[in-house]
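What follows is a set of notes on a single structure, which appears directly below.
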Amino acid sequence: MNENPMADSSISADDRNLAMLAHLSALLGLIFSAGILVFLGPLVFWLVYKDRPEKAFIASQAKEALNFQISLALIIFVTAIAMMVLAIIPFIGWLIAALLGLGLLALAIADFVLTIIAALKAKDGIAYRYPFTLRLFS
């Protein structure tokens, strides 16, 4: 029995499991592509289920995961460019670049933790919204 009053009991167990997998598929991209293809799993789930109204929960969670992973990729790309530019400035640039590198490490940890939280919420039938996410697909 699900003790969470916020869970939607009308969502089938299969749909909750697929929504959970849509979130976790980003972690597979993280592991198998060194983070380059983290958006691919959620994209596939979203493309498969976006036009199926009876699978709206799966589509919404896949879209949420997709938006989050693309948002993180943009942040990482901009930060990496900033680090390269700062790396040519002796001392202070190196220090700032190193701090940005630590920020990227924190971002990677946050990606992992938030993805696990989202997957667990989806498993319970709760629609999860990632924080600080650009809503590129709606």
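Any idea which of A118, A108, A97 is under 19 Å from W46 (Cβ atoms) and among the small types (G, A, S)? Explain how you work it out, then say what you get.
Working: A108 fails: under 19 Å from W46 (Cβ atoms); A97 fails: under 19 Å from W46 (Cβ atoms).
Selected residue: A118, the only one of A118, A108, A97 that is under 19 Å from W46 (Cβ atoms) and among the small types (G, A, S).
Restrict the check to segment 23-30 and report whether at least one residue is surrounded by fewer than 19 Cβ atoms within 10 Å (Cβ to Cβ), without any contact (Cβ under 8 Å) to a residue 60 or more places away in the chain, under 23 Å from L134 (Cβ atoms) and of a type in the set (G, A, S).
Within segment 23-30, none of the residues are surrounded by fewer than 19 Cβ atoms within 10 Å (Cβ to Cβ), without any contact (Cβ under 8 Å) to a residue 60 or more places away in the chain, under 23 Å from L134 (Cβ atoms) and of a type in the set (G, A, S).
Could you give me the residue pairs with C-beta distances under 7 Å whose first residue belongs to segment 71-98 and is in contact (Cβ under 8 Å) with a residue 60 or more places away in the chain, whose second residue is in a loop (DSSP other than H, G, I, E, B) wherever it lies, and which are 6+ apart or on separate chains?
Taking only residues 6 or more apart or on different chains, the pairs are S71/T133; S71/L134.
Taking the conditions exactly as written (part of a helix (DSSP H, G or I), β-branched (V, I, T) and either touching a Pro at 6+ places or on another chain (Cβ under 7 Å) or farther than 30 Å from D8 by Cβ (or both)), does I96 satisfy them or not? Write out each step before concluding.
Details: part of a helix (DSSP H, G or I): yes; β-branched (V, I, T): yes; either touching a Pro at 6+ places or on another chain (Cβ under 7 Å) or farther than 30 Å from D8 by Cβ (or both): yes.
Here the answer is yes, as I96 does meet what is asked.
Sort through A97, A108, A87, A56 and tell me the only one that's touching a helix residue (DSSP H, G or I) at 6+ places or on another chain (Cβ under 9 Å), modelled with pLDDT of 95 or more and aliphatic (A, V, I, L, M). If you could, list the steps in order and put the result at the bottom.
Working: A97 fails: modelled with pLDDT of 95 or more; A108 fails: modelled with pLDDT of 95 or more; A87 fails: modelled with pLDDT of 95 or more.
Residue meeting the stated conditions: A56.
Just for segment 43-70: of the residues that are small (G, A, S) and without any contact (Cβ under 8 Å) to a residue 24 or more places away in the chain, which one is surrounded by the most Cβ atoms within 10 Å (Cβ to Cβ)? If you could, list the steps in order and put the result at the bottom.
As a first pass, look at segment 43-70 and keep what is small (G, A, S): 56, 59-60, 62, 65.
Subset that is without any contact (Cβ under 8 Å) to a residue 24 or more places away in the chain: 56, 59.
Numbers: A56: 14, A59: 22.
Only one residue tops the list, namely A59.
Please determine whether any residue of segment 59-69 is more than 13 Å from A26 (Cα to Cα), of a type in the set (S, T, N, Q) and either out of contact with any helix residue (DSSP H, G or I) (no Cβ under 7 Å at 6 or more places or on another chain) or assigned to a loop (DSSP other than H, G, I, E, B) (or both).
To start, the set of residues in segment 59-69 that are more than 13 Å from A26 (Cα to Cα) comprises 59-60.
Then keep just the ones that are of a type in the set (S, T, N, Q); that gives 60.
Filter once more, so that each one left must be either out of contact with any helix residue (DSSP H, G or I) (no Cβ under 7 Å at 6 or more places or on another chain) or assigned to a loop (DSSP other than H, G, I, E, B) (or both): 60.
Yes, some residue in segment 59-69 is more than 13 Å from A26 (Cα to Cα), of a type in the set (S, T, N, Q) and either out of contact with any helix residue (DSSP H, G or I) (no Cβ under 7 Å at 6 or more places or on another chain) or assigned to a loop (DSSP other than H, G, I, E, B) (or both).
Run R129 past the list (1) at pLDDT below 95; (2) out of contact with any Leu (no Cβ under 7 Å at 6 or more places or on another chain); (3) part of a loop (DSSP other than H, G, I, E, B) and report the number of the one that doesn't hold.
So the condition that R129 fails would be (1).
Give the residue that is surrounded by the most Cβ atoms within 10 Å (Cβ to Cβ), with candidates limited to residues of segment 114-128 that are over 10 Å from A19 (Cα atoms) and within 10 Å of the chain's Cα centre (by Cα).
Among those residues, the one meeting the criterion is T115.
Condition first: basic (K, R) and under 27 Å from L104 (Cα atoms). Can you find one or more residues in segment 60-74 that meet it?
Checked segment 60-74: at least one residue is basic (K, R) and under 27 Å from L104 (Cα atoms).
The values are calculated or read from the model by the stated rules, or taken from the named source; none is laboratory data. Model, not experiment: these values are computed from the prediction. All Cβ positions, glycine included, derive from the backbone under ideal geometry; neighbour counts span all protein chains shown.
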